[in-house]
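**Student:** If you scroll down you'll find the structure; I have some questions about it.
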Amino acid sequence: MNPSTNLTITHADHRKLRDHLFPGDGLEAAAILLCARTPGPRVRLLVKQVLLVPHSACKERRSDYLVWPGSAIEAAIDLAEADGLSLMLTHSHPGGLFGFSRHDDRSDLLTVPSLFQALGGPHGTAIMTPDGAMLARLYRQDLSPIAVESVTVAGDDLTWHWADRKFSPRPMAFTSEATQELGRLSACVIGVSGTGSLVAEQLARLGFGQVILIDFDKIEPRNLNRIVNSTLADAEAQRSKVVAFAEAVTSYRGEGVAVPVNASISTREAVLCASQTDVMFSCVDTLDARQIADLLAASFLIPLFDVGVSIPTRRAQRGSAIADVCGRIDYVHPGGPTLQDRGVYDPASLRAEYLRRTAPDAHREEMQAGYLRGVTEEAPAVIALNMRAASACVMEFIARAYPFRHESNAAYARTQFSLAANEEEFFSVESFPTTTIPQFARGDLEPLLGLPALSAPKSEAIA
């Protein structure tokens, strides 16, 4: 099952940290990680900022010994105080020791109490070895340590450093060892319908320790041609999509793997459940749901795979004809170009979708006036197209977690395919602008995702 404690850092911050901690002189160096947190029950620390301690500011630096300047910790406390961030005091082990030394233990007992006194908790310490592997631990108020079971580095590739050193070196794709590692991870699937049910089926059979299923809808007869594992009895009883699918997963994986969340992703319940996961798959057919997935990925540093299919039509002499049969897979890593940066949605298209849902007459008037440009209509897709897109989406995850491509994964931030033209296009990360995201590593700061509609109920806020 997925680890209860985790530290997540973006690849860009990890590289910045590694470059500073190992300047090439073979001596220890220091940095402080300012971390937000996810809501419970899982303890996930999210690196929001890396504060580098200048080498020259350290009173003493040796290959196995370091004396920190108190001013660096004081500066970190000042930065962390406003948002109640946790501090992770980090230093290098140039000799390669993947563990905490006795000197580290003694040093922590002297410095960590001051962090609790200034900020409350939790706080911790971490070390990095020359290969970039990280080991971290948290402290309780009584200064007893809590091991951080995994450190996630999220970028073009996805890497997990495990405290028990298992899966080091990294497993090879498509092996039983990769399956074993996935058994320690959790995935979230938002939208468990045509494409989403196929994505969830693959994730469950790949071996994920937990698959959280989020969808508010029920199974209907018209769904049966594209929702895998759905039955006529489910449709007649109008069963929840996620409950029915979770039962199917239980039949071949056992209890506790599939977790159904019968709610819209726009609800606080669903957002809280999604925040606990290691990787997220957006298989929705609305732009506002994609926006929530985008904000979730940024706020909780969760790698996001977004998949969509469409069958645009054109006018023909005898009614309509198929213009194309196409799909899109976007991989969004924390700190990289978001779905909004990539033009998947924008304020105009979100408004257009809202009008379609709540005021169809006004929507038609604006369409005639030419105010809504670029609005796409998603046509119901057949299961063969859904399978094509769902497979490409999950393969994209495998390529990130267990790299096997001849090129860098950075070249595949987006994949688009046209079955009508028999073409496939790939777009690199550099193809899209990257804007500053206010929600980056926001964590459990209220309101969740920065959206007032997701504020904690008064009773919860008081508690």
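**Student:** I'm checking my understanding of the structure. Among residues of the range 167-194 that are at pLDDT 95 or above and among the hydroxyl-bearing types (Ser, Thr, Tyr), which one is nearest to the chain's Cα centre (by Cα)?
**Tutor:** Only one residue tops the list, namely Ser186.
**Student:** Considering only the range 50-83, how many residues are of a type outside the set (A, V, I, L, M) and either outside any loop (DSSP other than H, G, I, E, B) or open to solvent by less than 50 Å² (accessible area, probe 1.4 Å) (or both)?
**Tutor:** Result for the range 50-83: 11.
**Student:** With the checklist (1) over 22 Å from Ser310 (Cβ atoms); (2) touching a residue at least 60 places away in the same chain (Cβ under 8 Å); (3) charged (D, E, K, R) in hand, flag the one item Glu269 doesn't pass.
**Tutor:** So the condition that Glu269 fails would be (2).
**Student:** Another question, if that's okay. Among the residues of the range 128-144, what is the count of those that are open to solvent by 40 Å² or more (accessible area, probe 1.4 Å) and modelled with pLDDT under 95?
**Tutor:** Residues in the range 128-144 being open to solvent by 40 Å² or more (accessible area, probe 1.4 Å) and modelled with pLDDT under 95: 4 in total.
**Student:** Run Ser459 past the list (1) under 24 Å from Val271 (Cβ atoms); (2) of a type in the set (Ser, Thr, Tyr); (3) surrounded by fewer than 13 Cβ atoms within 10 Å (Cβ to Cβ); (4) at pLDDT 90 or above and report the number of the one that doesn't hold.
**Tutor:** (4)
**Student:** Let me ask another. Take the residues in the range 378-394 that are in contact with a helix residue (DSSP H, G or I) (Cβ under 9 Å, 6 or more places away or on another chain) and open to solvent by 20 Å² or more (accessible area, probe 1.4 Å); name whichever of them is modelled with the lowest pLDDT.
**Tutor:** If we take residues in the range 378-394 being in contact with a helix residue (DSSP H, G or I) (Cβ under 9 Å, 6 or more places away or on another chain) and open to solvent by 20 Å² or more (accessible area, probe 1.4 Å), then Pro380 is modelled with the lowest pLDDT.
**Student:** Would you mind telling me which numbered condition in (1) under 20 Å from Met280 (Cβ atoms); (2) in contact with a strand residue (DSSP E or B) (Cβ under 9 Å, 6 or more places away or on another chain); (3) crowded, with 18+ Cβ neighbours inside 10 Å Phe417 fails?
**Tutor:** For Phe417, the failing item is (1).
**Student:** Quick check on Ile214: is it surrounded by 24 or more Cβ atoms within 10 Å (Cβ to Cβ), of a type in the set (A, V, I, L, M) and closer than 17 Å to Arg388 by Cα? Walk me through how you get there before you give the answer.
**Tutor:** Values: surrounded by 24 or more Cβ atoms within 10 Å (Cβ to Cβ): yes; of a type in the set (A, V, I, L, M): yes; closer than 17 Å to Arg388 by Cα: no.
In short, no.
**Student:** Further question on the same structure: Keeping to the range 244-269, report how many residues are under 17 Å from the mean Cα position of the chain (by Cα) and either buried (at least 24 other Cβ atoms within 10 Å of the Cβ) or over 22 Å from Ser455 (Cα atoms) (or both).
**Tutor:** The total comes to 1.
**Student:** Shifting gears a bit: Evaluate the following for Phe174: is it aromatic (Phe, Trp, Tyr), in contact with a helix residue (DSSP H, G or I) (Cβ under 7 Å, 6 or more places away or on another chain) and assigned to a loop (DSSP other than H, G, I, E, B)?
**Tutor:** So Phe174 does not fit the description; no.
**Student:** Additional query: Among the residues of the range 203-217, is any farther than 21 Å from Ile302 by Cβ and among the polar types (S, T, N, Q)? Full working, then the answer.
**Tutor:** Taking the range 203-217 and keeping what is farther than 21 Å from Ile302 by Cβ, we get 205, 217.
Filter once more, so that each one left must be among the polar types (S, T, N, Q): none.
Among the residues of the range 203-217, not one is farther than 21 Å from Ile302 by Cβ and among the polar types (S, T, N, Q), which makes the answer no.
**Student:** Kindly list, by first and then second residue, each pair from a residue in the range 32-55 that is more than 15 Å from Thr125 (Cα to Cα) to a residue that is in a strand (DSSP E or B) and of a type in the set (Phe, Trp, Tyr), limited to pairs with Cβ atoms under 9 Å and residues at least 6 apart or on different chains.
**Tutor:** none
**Student:** Name the residues in the range 95-123 that are over 16 Å from Ala147 (Cβ atoms), open to solvent by less than 30 Å² (accessible area, probe 1.4 Å) and not hydrophobic (A, V, I, L, M, F, W, C), would you?
**Tutor:** Correct list: Gly120 only.
The values are calculated or read from the model by the stated rules, or taken from the named source; none is laboratory data. Bear in mind that the values here come from a model prediction, so they are computed numbers and not experimental data. Glycine also receives a Cβ, built like all others from the backbone with ideal geometry; neighbour counts cover every protein chain displayed. Quick note on the areas: whole protein, heavy atoms, side chains included, nothing else; ligands and nucleic acids left out. Shrake-Rupley method; radii C 1.70, N 1.55, O 1.52, S 1.80 Å.
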